[in-house]
Structure formats: C-alpha cells, structure tokens
Amino acid sequence: MKTIVFTVLVSMASFTGFSQDLSLKVSIQDIEKSEGVIYLSLHDNENSFPSGDKDALQTGKIENFDSKAEFRFTGLAQGEYAVSVFQDLNGNAELDTNFLGIPKEPVGASKMTSFGRPKFAKCKFLLSEDSTIRIEFMN
C-alpha cells in the first residue's frame, strides 16, 4: 500500500512539474495614431499565421492607448509562438488592404523587420518563461 501511495504522489509531482502557465506581454511602440482598435493574435503554427484569427491560439484587442500599448497573453505552455497585430483605424474589425493585398492600416508581427507578408518561420520565438516582446508597426 505504501508503494502505491508513493508512486501516485511521485506521478502527481512529475505531472504538475510539466504543466506550465506562462505569460507573454506584447508591447507595441511608436503608435502614430491613438485611434481605433489594435487587434492581436497569437499563433503556434504556420497554417493560421499571420491571419486566420479563428484559428489563432489566442486573440486580443486594445481599445485605449496612446503612442504605446500593451497586452498580455496568459495560460501558455512552453513552445514556439508568433504574434501578429494590426490597428483597425476605420472600425470595421478587419485589416483593410488595397487591390494588391498591401495593408492600408498599420500592421506588425513578432521579429518582423521588413515589409512583406510575415512568415511563421521568421517571426516565431521560443517561450520558455514569462516574457515580453516588442512589436513596431510597419506603416
């Protein structure tokens, strides 16, 4: 009986050691217009990134901000993630693009440093502890 109780306790301790509840703070800097809503989506795979909010792991929005804004994703496990953001200036809750598909509203993504459609492979990062990432809009 002691062996069974010991085995159960060790198993429970091992299992809880692997469960994680990490958070990711997204800091958006140098916002030119403090209007509209900023939409964020967190992705853990290339199939839904950068759009596909319905398939995103988590989404969020920021309604009150000035030249900076912050949002925190919580309840995350250790793993690879990428974040995409856009500022909805006209209130239609969609990223507006021109006839070529180029965004007409500010957009950004984690680790994005140049114009062009962001790819998960270039924008992903490893989350292994509570972290903060900084995103700048590509206008």
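Going by the structure shown, is residue 116 assigned to a strand (DSSP E or B), of a type in the set (Gly, Ala, Ser), at positive phi and out of contact with any helix residue (DSSP H, G or I) (no Cβ under 9 Å at 6 or more places or on another chain)? No.
In region 46-70, the residue that is nearest to residue 117 (Cα to Cα) out of those that are open to solvent by 50 Å² or more (accessible area, probe 1.4 Å) and touching a residue at least 40 places away in the same chain (Cβ under 8 Å) is 51.
Listed here are the residues, each with its yes/no results for (1) part of a strand (DSSP E or B); (2) at pLDDT below 95; (3) among the acidic types (Asp, Glu); (4) surrounded by 14 or more Cβ atoms within 10 Å (Cβ to Cβ).
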site	(1), (2), (3), (4)
16	no, yes, no, no
74	yes, no, no, no
81	yes, no, no, yes
85	yes, no, no, yes
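Here residue 130 meets each of (1) open to solvent by 70 Å² or more (accessible area, probe 1.4 Å); (2) of a type in the set (Asp, Glu); (3) over 14 Å from the mean Cα position of the chain (by Cα) with one exception, condition (3).
The values are calculated or read from the model by the stated rules, or taken from the named source; none is laboratory data. Just so it is clear, the model here is predicted, and its values are computed rather than measured. As a convention, Cβ positions derive from the backbone with ideal geometry for all residues, glycine included, and neighbour counts pool all protein chains shown. Surface accessibility is based on the protein's heavy atoms, side chains included, excluding ligands, DNA and RNA. Shrake-Rupley method; radii C 1.70, N 1.55, O 1.52, S 1.80 Å.
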